[in-house]
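Worksheet: the structure to be examined is printed underneath.
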């Protein structure tokens, strides 16, 4: 009877070792799976941030390209001639060549605005085609936009001061600079760097300079 005790004791010790090993293996497996989950969430966050940054960069690139090519066609409907540009605090309308035009092409009338559905929308329509199919295109630049703030830098009457302004309407020339600010809702981590664009065409093509007054003829 005394010879059986060591065998029982050895079996019990082996069982405890096996249980301990299983517990350790389970803990290691749990840590590994948790690490994989954390790593996946980190990479998903990085991927989302990268996609958001690319979307903002793409929207700014499109706007920069169109506003740089802004064409100040002259209107003669009012008392004085003015450039065909209507800039307000939340909307901007102007003429520019179509996107991707590699050669001279009919101008398109662009409108930048924030829709009720919180979309930053760029709409364009052909300036020469009218009727049933005016060639309207709409491009959603960004979704989930809370606010758009447009300001314009340049000289206006009657103060003739070079400064930032909340609107640009009924002016002879386009603004020197256009600044676009975009804000997102609370909790949205996207960031929009101020987009400041200089329209390349600043000369009034309809102006005939008078040597006597150094002003455009017929404009006082």
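Throughout, read-outs are computed from the coordinates displayed, never taken from laboratory work. What you are looking at is a predicted structure, and each value in this text was computed from that prediction instead of being measured. All Cβ positions, even for glycine, are placed from backbone atoms using ideal geometry, and neighbour counts span all protein chains on display.
Numbers below:
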| read-out | value |
| --- | --- |
| Rough spin-label spacing in nm, given labels placed 7 Å along Cα→Cβ, for residue 113 and residue 201 | 2.3 |
| Pairwise FRET efficiency - residue 64 versus residue 136, Cβ, R0 = 35 Å, nearest 0.05 | 0.95 |
| At R0 = 30 Å, FRET efficiency that the Cβ-Cβ distance of residue 162 and residue 51 yields, to 0.05 | 0.15 |
| Residue 188-residue 23 pseudo-label distance in nm [points 7 Å out on the Cα-to-Cβ vector] | 5.2 |
| Theoretical gain in end-to-end length, residue 146 to residue 31 [0.36 nm per residue, Cα-Cα removed] | 37.3 nm |
